[in-house]
Amino acid sequence: MTVESRTISLADAEATRSLGRALGQSLTAGSVILLAGDLGAGKTTLVQGIGEGLAIADPIVSPTFTLINEYTEGRLPLYHLDLYRLSPEEVDSLHLETYWEGVEVPLGIVAIEWPDRLQYQPPSHIHIYLAYQEDNSRQAKIASMVEFNLEFLG
């Protein structure tokens, strides 16, 4: 499988949200996004943009304490998972693959914060690493492990 990658500079939170909107408008059912980066790097902001791109009207909030937020009233369902507070063993016991396999829930977009807690990664996914820059901007390093054209991202 060919891995396509791209690095994008994000001037501020609105640019991060805008990237999310572009993804939300382009992704198809079954897409899995693995979001990595330090605390406060913009992972939830990116997911908020994805929600906007999917035409989800409900406010997208961090699922840090609830673990999973499901938004089903958009172009596609959005499943937002935050694994920060869990050990890999705890994550494994949740059987999260049901979200990207569409077994028990309708197939949608799965956005996973802190994917390093997964003991296995979905075979097809888009990995986005968000990092702070010295000028307080952010950088997104995107690697696609699926047939997905990143050209629209500029």
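Quick note: the coordinates plus some simple rules give every number you see, no bench work behind them. On a predicted model such as this, the values are computed, not experimentally measured, just so you know. Glycine gets a Cβ as well: all are built from the backbone with ideal geometry, and neighbour counts include every protein chain shown.
See the values below:
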{"item": "Longest site-free stretch - the chain; sites: chymotrypsin sites (Phe, Trp or Tyr not before Pro), DSSP loop, at most 10 other Cβ within 10 Å", "result": "1-64"}
{"item": "Burial ranking of peptide ranges 30-36, 133-139 (average Cβ count within 10 Å, highest at the top)", "result": "30-36, 133-139"}
{"item": "Within the chain, percent of DSSP bridges classed antiparallel, to nearest 5", "result": "55"}
{"item": "Sequence-separation-based contact order of the chain, relative, with Cα cut under 8 Å and 6+ spacing, percent", "result": "34"}
{"item": "Gained length - A55 relative to E89, 0.36 nm times residue gap less alpha-carbon distance", "result": "8.8 nm"}
{"item": "Segment 1-106: trypsin sites (Lys or Arg not before Pro) falling in loop per DSSP and having at most 14 other Cβ within 10 Å", "result": "R85"}
{"item": "Distance from segment 90-139 to segment 11-52 (C-alpha centre basis), Å", "result": "12"}
